[in-house]
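> Please read through the structure below; I'll follow up with questions.
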Amino acid sequence: MINFRQITRLSLITLLLSGCAATPPTSDNNTLAAAAEKILYKNVYYNEIFAKCAALGGEIEVDAINVQQDWLNANAKLVAAADNFYSQQQADNSFEYAGLTLAPTAIRMALQASQEAQTELSLNKRSIANQQKTCSFMLAKMSDAGLSLTSDPQVANAQAGLMNEQLLDINALNSPRLAGNIKSIPAGKSYFSINKTHQNNCPDAYTLVIANDWPKEAYANFCGSKAMEVLLCDWGKCEAKKL
């Protein structure tokens, strides 16, 4: 005969097991942040390929536009959700410049993704015929691999958490909003002194060029992957803002 103490013990075990079975997996902010960054990186990377290949004209342009549209249909909402989450996470590391809210980490990420795509294509090193072949190969490769970003397990696992973000903007994003669509530009007159001073303070120093429109300049100093400060310059006089 089962006594009261045994019944109580069995009830507790049953309750614990049922509770474990009913609890859905959760994603913490670090997991969501890593997935959001990967989504935004790939978004910039693919958009760079679409743009470079479409610029070749002819059938390749048509193919690039068609594949891009399919890619947007599959991923636009997720990219927008990732951008919203990423923007919230980077809010404390952002600053205002020329009417835009920017984050050095977002700018650097977008530039790296764009550069990776350009390096893989290497269109400036190829003949016209090989440029078209390269783009045709890359576009076909994308279609064969499946266009949805959720084919990546890391993205798939974070999808529900990211899509819970509110105020989704489903308009196509070429780059993270905090990157301000800033392209790679040459360094300005203040760059050398800023970078040299920063190298004395950090063993893994990197100075990002944000704006170079003399007399206005803007830079961000990184130590490794961490953004440390933004420097806004006017006629060579630079004011630092810690991040």
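> Is it true that Leu56 is on the phi < 0 side of the Ramachandran plot and either modelled with pLDDT under 95 or touching a Phe, Trp or Tyr at 6+ places or on another chain (Cβ under 6 Å) (or both)?
Numbers: on the phi < 0 side of the Ramachandran plot: yes; either modelled with pLDDT under 95 or touching a Phe, Trp or Tyr at 6+ places or on another chain (Cβ under 6 Å) (or both): no.
In short, no.
> Looking at the structure I just gave you, is Asn174 under 26 Å from Ile49 (Cβ atoms) and either in contact (Cβ under 8 Å) with a residue 60 or more places away in the chain or open to solvent by 70 Å² or more (accessible area, probe 1.4 Å) (or both)?
yes
> I'd like the residue in region 162-171 that is in contact with a helix residue (DSSP H, G or I) (Cβ under 7 Å, 6 or more places away or on another chain) and either modelled with pLDDT of 95 or more or more than 16 Å from Glu37 (Cβ to Cβ) (or both) and, out of all such residues, is surrounded by the fewest Cβ atoms within 10 Å (Cβ to Cβ).
Ranking the qualifying residues of region 162-171, first place goes to Leu167.
> Taking Asp83 as the residue in question, decide whether it is among the charged types (D, E, K, R) and either surrounded by 13 or more Cβ atoms within 10 Å (Cβ to Cβ) or at pLDDT 95 or above (or both).
Judged against the criteria, Asp83 is a match.
> Being in a helix (DSSP H, G or I) and open to solvent by 20 Å² or more (accessible area, probe 1.4 Å) is the filter here, so list the residues in region 92-113 that pass it.
Asp92, Asn93, Thr105, Arg108, Leu111, Gln112
> Within region 164-172, is even one residue of a type in the set (Gly, Ala, Ser) and under 16 Å from the mean Cα position of the chain (by Cα)? Let's see the steps before the verdict.
Going residue by residue through region 164-172, those that are of a type in the set (Gly, Ala, Ser) are 172.
Those still in the list that are under 16 Å from the mean Cα position of the chain (by Cα) too: 172.
Yes, region 164-172 has at least one match.
> Moving on. Name, by its number, the condition in (1) surrounded by 21 or more Cβ atoms within 10 Å (Cβ to Cβ); (2) more than 15 Å from the chain's Cα centre (by Cα) that does not hold for Asn73.
Single failed check for Asn73: (1).
> What tally of residues in region 55-77 results from selecting those that are closer than 23 Å to Asp152 by Cβ, in contact with a helix residue (DSSP H, G or I) (Cβ under 6 Å, 6 or more places away or on another chain) and either in a loop (DSSP other than H, G, I, E, B) or among the aliphatic types (A, V, I, L, M) (or both)?
Qualifying residue count, region 55-77: 2.
The values are calculated or read from the model by the stated rules, or taken from the named source; none is laboratory data. Values in this document were obtained by computation on a predicted structure and should not be read as measured data. Methodologically, a virtual Cβ is constructed for each residue, glycine included, from the backbone with ideal geometry; neighbour enumeration extends over all protein chains shown. The area values use the complete protein model at the heavy-atom level, side chains included, leaving out ligands, DNA and RNA. Shrake-Rupley method; radii C 1.70, N 1.55, O 1.52, S 1.80 Å.
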